[in-house]
Amino acid sequence: MTKIIVVTSGKGGVGKTTTSASFAAGLALRGHKTAVIDFDVGLRNLDLIMGCERRVVYDLINVIQEEANLNQALIKDKKCENLFILPASQTRDKDALTHEGVEKVITDLQGMGFEYIVCDSPAGIESGALLAMHFADEALIVTNPEVSSVRDSDRILGMLSSKTKRAIEGKDPVKEHLLITRYNPKRVSEGEMLSLTDIQEILRIELIGVVPESESVLHGSNQGVPAVHLEGTDVAMAYQDVVARFLGEDKPLRFTDYQKPGLLKRLFGNK
Amino acid sequence: MSHKKLPYFELRNSTVDTLLFIVKSTDLSELRAELARRYEATPGFFANDVVAIDLRRLENERIPVDDVAALLNEFRLRPIGIVATEAQQEWAGKGNLPFVELRERRDASKPAAAPDAPDAPPATPPSPPPVSESTAKVAATTMVIDKPLRSGQQIYAPGDLVVLGLVSFGAEVIAAGSIHIYAPLRGRALAGVHGDHEARIFCTCFEPELIAVAGIYRTAENPLPDNVLGKPVQVRLNQEKLIIEPLRLT
């Protein structure tokens, strides 16, 4: 059975694409055949984060409009052999994304034996975001520890429970997972950011992970390397934990408590 | 495939929500008396809501359907059609109203629930509806919402409303009657929207953006006193003033 996971948030710039790339790569690293689709038609970014922007020939819209077949458009990832990327179109209008077209692409991917299909949703609550979530079985709601992001996530949760295929057909609801990104324990302890418990108190859904704020995410993005591959960094470990929890493993939360830097660290500098 | 859009009009398949007026008696004067007793005090209650006349509960009796329609019109209900069994269609179709086909509402949140038998009255509580959806049953029943209401969602209940999940910032619950919320209220709650001054709001954790009873409202702009903020609370009207008081849950 193929599982379709949408990565969504409502608000822009919270880390949806970073999460889609790392989550899909994480699943693939564990041996699952995974496809990741960029739904952000007109503002495609996933190919950059995945480092395959120079290998894009055909895209999602070409497939939907039957100008190319799915095999031509899928880009095989260089780092993991089980990972395939379906880029968005940069030149087309976002109206080119149709319900029937997306359904066909997803059905075809299921037919090709993919275990997981990760849908990278655009920001906002327009048709692109609705289509990205429409066929989802599970959802990763990416939220930053600040009020506007939390409120937008709340809005998206409402749409997941009313506008998706599962909701419309009256099946089991889309399974929701909260992923908090850009979490900075120091700023939380100083009261500048919402804490984990604040966010959970507002949204009240199960927490799948916390990704700390980190400079390595930016470095990774610039080099086209998903954060999960950045060995030894807290971000990579956090994303590996997220994937493990998604696959049903029990992992304690990491990187959520602020430890005061010790004397040596203070003396020799802390970035 | 996209439909070619005509410049002047379009014909589309669609589903329209109406009230059902289920006729249980053939005595017109009784019907009128009961309607008057229940709704005369609030003449604006139905405000031109559309309604279908459901005859299926009348087994072998007959009733002049046009007279029922006229009666409903007096109470500002607008009849649009008749729901009848095949046997009834023979006599019921003689008036001005057409027959409409009824599809029982299925509760989207409970796929396992068996659909009602076709001749049973609609008894399942409606699923959380979008804006201004009305129940299949005529008013004054209690609507129960068991899912959390998220920012941007709005619920309208023609009678009382019971909410078991959280009402988020930016969500709105509206009822003609009272509102009971067994979770935090962080959005807006408007009770007695058709002018019922007796309506109240009850809530187990009171952190609202706005509350209103019969149009008299209060926003969170003036901070709520500590003895009610985040506490179990009831809100009622006393001589056009909103009274917010802690509930003593003993």
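The values are calculated or read from the model by the stated rules, or taken from the named source; none is laboratory data. From a predicted model like this one, the values you see are computed outputs, not experimental measurements. Here the Cβ is made from the backbone with ideal geometry for all residues, glycine too, and neighbour counts use every protein chain on show. Heavy atoms of the whole protein, side chains included, go into the accessibility calculation; ligands, DNA and RNA do not. Shrake-Rupley method; radii C 1.70, N 1.55, O 1.52, S 1.80 Å.
Give the average, rounded to an integer, of partner chain Cβ atoms located within 10 angstrom of each Cβ in A:114-120. Write down the numbers at each step before the final one.
Numbers: counts 0, 0, 0, 0, 0, 0, 0.
Partner Cβ neighbours, averaged per residue: 0.
How long are the semi-axes of the equivalent ellipsoid of the stretch B:133-246, taking √(5λ) for every eigenvalue λ of the Cα gyration tensor, in whole Å from largest down?
Working: eigenvalues 83, 54, 26 Å².
After diagonalising the Cα gyration tensor, the semi-axes are 20, 16, 11 Å.
Quick one: compute a quarter of the convex hull surface over the Cα atoms of chain A and quote it in nm².
14.4 nm²
Once you charge only the Cβ atoms, +1 for Lys and Arg and -1 for Asp and Glu, what is the size of the charge dipole of the stretch B:19-92 about its Cα centre, to the nearest 20 debye? Mind showing how you got there, number by number?
Details: 9 positive and 13 negative charges, 56 e Å.
The calculation lands at about 260 debye.
At 1.4 Å probe size, with every protein chain present, just tell me what the per residue accessible area of the stretch B:173-250 comes to in Å².
The answer is 51 Å² per residue.
How much accessible area does B:F99 have with a 1.4 Å probe, in Å² rounded to the nearest 10?
80 Å²
Amide H of B:L166: which non-local residues (sequence gap of 5 or more, or other chain) have their own amide H closer than 5 Å, using H built in the peptide plane?
So B:L166 has HN proximity to B:L149.
Out of the total accessible area of the stretch B:19-92 (probe 1.4 Å, heavy atoms of protein only), what percent is carbon and sulfur?
On the way: 1820 of 4010 Å².
Here carbon and sulfur together make up 45 percent of the probe-accessible area.
How big is the equivalent ellipsoid of the stretch B:19-92 along its three axes, where each semi-axis is √(5λ) from the Cα gyration tensor, reported in whole Å from largest to smallest?
In descending order the semi-axes read 22, 13, 9 Å.
Accessible area of the stretch B:133-246 with a 1.4 Å probe: how many percent of it is carbon plus sulfur? If you can, show how the numbers build up before the last one.
Numbers: 2330 of 4630 Å².
After summing per-atom areas, the C and S share lands at 50 percent.
Taking every residue in A:157-164, how many Cβ atoms of other protein chains lie within 10 Å of its Cβ, on average? The partial results should precede the final answer.
Details: counts 6, 11, 4, 1, 8, 10, 1, 0.
Mean number of neighbouring Cβ atoms from other chains: 5.
Just reorder A:Y116, B:Y182, A:Y258 by solvent-accessible area, largest first, 1.4 Å probe, all chains present.
Values: A:Y116 30, B:Y182 130, A:Y258 80 Å².
Output order, biggest surface exposure first: B:Y182, A:Y258, A:Y116.
Considering every pair of different Cα atoms, what Kirkwood radius, in Å, is found for the stretch B:196-247? Provide the component values of the computation, followed by the final result.
Values: mean 1/r = 0.0912 Å⁻¹.
This gives a value of 11.0 Å.
In the full protein assembly as shown, how much of A:T164 is accessible to a 1.4 Å probe, in Å² to the nearest 10?
0 Å²
Just tell me how shielded A:148-155 is by partners: mean number of partner chain Cβ atoms within 10 Å of each residue's Cβ, no decimals. If you can, show how the numbers build up before the last one.
On the way: counts 0, 0, 3, 6, 3, 2, 13, 8.
The shielding value for this peptide is 4.
Cα centroids of the stretch B:54-77 and the stretch A:198-258: how far apart, whole angstrom?
So the separation of the two Cα centres works out to 63 Å.
If you take the accessible area of B alone plus A alone and subtract the pair, what total do you get in square angstrom, rounded to 100, with a 1.4 Å probe?
On the way: alone 15030 and 13060 Å², together 26870 Å².
Protein heavy atoms only, the B-A interface buries about 1200 Å².
Calculated from DSSP H runs of 4 or more alone, at -39500 (n - 2.57) each and per residue, what is the 222 nm mean residue ellipticity of the protein assembly as shown, nearest 500? All intermediate terms of the calculation are to be shown ahead of the outcome.
Working: 16 runs with 135 residues, N = 521.
That calculation yields -7000 deg cm²/dmol at 222 nm.
So for each of B:231-240, B:85-94, A:23-32, A:199-208 I average, over its residues, the number of other beta carbons within 10 Å; can you give me the resulting order with the highest mean first?
On the way: B:231-240: 16.3, B:85-94: 13.1, A:23-32: 22.6, A:199-208: 17.9.
By packing density, highest mean first, the sequence is A:23-32, A:199-208, B:231-240, B:85-94.
Roughly how big is the stretch A:1-75's charge dipole about its Cα centre, with Cβ charges of +1 (Lys, Arg) and -1 (Asp, Glu), in debye to the nearest 20? Could the numbers behind the result be given before it?
Numbers: 8 positive and 7 negative charges, 83 e Å.
Dipole of the stretch A:1-75, to the nearest 20 debye: 400 debye.
Could you work out what % of the accessible surface of chain A is carbon and sulfur, using a 1.4 angstrom probe and leaving DNA, RNA and ligands out of the count? The partial results should precede the final answer.
Working: 6040 of 12470 Å².
Accessible surface attributable to carbon and sulfur in chain A totals 48 percent.
In whole angstrom, how long is each semi-axis of the equivalent ellipsoid of the protein assembly as shown, when you take the square root of 5 times every eigenvalue of its Cα gyration tensor and sort them from largest down? Don't skip to the end; give the middle numbers.
Details: eigenvalues 502, 209, 58 Å².
One finds semi-axes of 50, 32, 17 Å for the protein assembly as shown.
Just to check I understand the Karplus step: with θ = phi - 60° and J = 6.51 cos²θ - 1.76 cosθ + 1.60, what whole-Hz values come out for the stretch A:74-88, glycine and proline as x?
5, 9, 7, 5, 7, 8, 10, 6, 8, 10, 10, 10, 10, x, 7
Under the Karplus relation 6.51 cos²θ - 1.76 cosθ + 1.60, θ = phi - 60°, what is the ordered set of whole-Hz ³J(HN,Hα) values for the stretch A:137-142, x standing for Gly and Pro?
With the stated coefficients, the stretch A:137-142 comes to 9, 9, 9, 9, 9, 8 Hz.
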